[in-house]
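Notes to accompany the following structure.
Read the figures in this text as sums done on the coordinates, not as results from a lab. Treat the numbers as computed from the prediction; the structure is a model and nothing was measured. A quick note on method: Cβ atoms are made from the backbone with ideal geometry, for glycine too, and the neighbour counts reach across all protein chains shown.
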Amino acid sequence: MTNQYPVVLVHGLFGYGPKEMLGFDYWGQAIQVDSPLQRFEASLGPISSSHDRACELYAQIKGVQVDYGEDHARVAEHNRYGNDFTGKGFYPQWSEQTPIHLVGHSLGGPTMRMLQYLLEKKFWGPGTNANWIRSISGISPVFNGSTLAYFLGCNEQTGMVSGPIGNFLAKTLEIIAGAIGSNLERLYDFDLGQWGLVRQSSETLTEYLGRIGNSPLFKGKDNAAYDLTLQAMLTQNQLIATFPGTHYFSYVTEQTHALPFSHHYWPDTGMNPMLYGCSAYMGMRPFGAPFYAGFNGDDWRENDGAVSSYSQMYPRIAGNHPVAGEFTDASGGFEPGKWYWQYLHDRDHLDVVMLPEPWQVAWQKMFYSNLFQRLAALR
């Protein structure tokens, strides 16, 4: 072990913090495994934008009030300030001399990179920089967008939510509710205080979702739906650098197979039934006009039920992001400033977090044990 920097776990779309869901832990075995590294679970807006989530993440780590930024709040038309974490920070001494490791699942991938970008840009004032983050590890990350966003209601040409906003919420909630049922009704927090969308005690989930649907949240780009699109990630990958002092890892999940005599992919029988329809859509869908120069629809068909494996590997559709290549559990000597990835074959989008099949719990425990040992060994 060469460092003892703490790990902050960053959940994805429709994720939740440790105080929600009556102990149904989003991070599965990640908290349970033995590790010399202290771990903290962030609780971020599950349908908020990467920017807003990054601001909430900063506040929770540092122990300050959430500040979304004056200019950002004005353009987005929501409140500038959010929850106050003063005196409750995960790691108040956080700095370049005492950095952290970030581990993020799904939408947690772009959230972590946005946080690093804002640190480098001194968003919260002088003194911060990209070196406050020692490593970024994406698990099933949406580093280049997900074609599933268009199934959920985003427009292929603009990336914006089109049609009734409730369609996006209904489809995504249906996927999550299949796993946790009535708990969603009683215990889930959408963390949308900046939009004035705090659920009232007498309000049913249907009424609350209707109020969200009629709000400005999904009428612009400051939301998770847009940030999951290829359009959004094209912009983010051009904007956000791969910084030379940070280690970058990606853990790529897939659970599909190529169909004979076609360019299509179909979900494997072991995939979580909740994700089966989504996976089939991503593996079979026709593509219209290219999303970016060099776009090839066939690259995007292999998937884990929520994100194309091609998208998970590293930022690749825009910008300059040096790539080191694939690694295994036996690999070492990792260089900062370059992207490394590891394929996790026959694993779907939820196997790595809250919902592994019973026979994969031991595998998940070993996966996180190896991941944390890898981080502790970084120089």
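Derived scalar couplings between HN and Hα for region 297-314 equal x, 5, 4, 9, 8, 5, 7, 10, x, 9, 9, 5, 4, 4, 6, 6, 5, 5 Hz in order, rounded to whole Hz, by the Karplus curve 6.51 cos²θ - 1.76 cosθ + 1.60 (θ = phi - 60°), x for Gly and Pro.
Note that region 248-263 has calculated 3J(HN,Hα) couplings of 10, 10, 9, 10, 9, 9, 7, 8, 9, 9, 6, 7, x, 6, 8, 9 Hz, one per residue in order, obtained from phi through the Karplus relation 6.51 cos²θ - 1.76 cosθ + 1.60 (θ = phi - 60°); glycine and proline are x. For the chain, averaging the sequence separation of C-alpha pairs within contact (under 8 Å, six or more residues apart) and dividing by the residue count gives a relative contact order of 21 percent.
In this structure the amide hydrogen of Ser137, modeled in the peptide plane, comes within under 5 Å of the amide hydrogens of Leu102, Val103, Gly104, Phe249, none closer than 5 places in sequence on its chain. Taking 0.36 nm per residue of separation and subtracting the current Cα-Cα distance, fully stretching the chain between Gln38 and Ser201 would add 55.1 nm.
Distance between the modelled labels on Ile31 and Asp299, one decimal in nanometres: 3.8 nm (7 Å Cα→Cβ projection).
Counting lysine pairs in the chain whose alpha carbons fall under 18 angstrom apart, excluding pairs fewer than 8 residues apart on the same chain, gives 5.
Rounded, prolate or oblate: which fits region 221-368 when a ≥ b ≥ c are the square roots of the eigenvalues of the alpha-carbon gyration tensor, with rounded for a/c under 1.5 and prolate only if a/b beats b/c? Oblate shape, in that a/c is at least 1.5 and b/c is the bigger or equal ratio.
Residues whose amide H falls under 5 Å from that of Phe40, counting only those 5 or more places apart or on a different chain, are Val7, Val8, Leu9, with hydrogens built in the peptide plane.
Hey, of (i) 0.98; (ii) 0.96; (iii) 0.93, which did the structure itself give for Rg/Rh (Cα atoms, Kirkwood Rh) when calculated? Read-out from the structure maps to (iii). Full extension of the chain between Ala258 and Met366 yields a length gain of 36.0 nm, computed as 0.36 nm times the residue separation minus the alpha carbon distance.
Residues whose amide H falls under 5 Å from that of Thr253, counting only those 5 or more places apart or on a different chain, are Ser140, Leu344, with hydrogens built in the peptide plane. The modelled label-to-label distance for the pair Arg379/Met1, using points 7 Å beyond Cα in the direction of Cβ, is 2.0 nm. Net length available on complete extension from Asn129 to Gln97 is 10.4 nm, with 0.36 nm assigned per residue and the Cα-Cα distance removed. Within the shell defined by Cβ-Cβ distances under 11 Å, the residues around Asn3 carry a net charge of +2, with Lys and Arg each +1 and Asp and Glu each -1. The loop-placed trypsin sites (Lys or Arg not before Pro) in region 1-76, going by DSSP, that have at most 13 neighbouring Cβ atoms within 10 Å of their Cβ come out as Lys19. Annotation for Asn214 and Asp189: the two label points, set 7 Å from Cα along the Cα-Cβ direction, are 2.6 nm apart. With R₀ set to 30 Å, the beta-carbon distance separating Thr269 from Ser331 gives a calculated FRET efficiency near 0.45.
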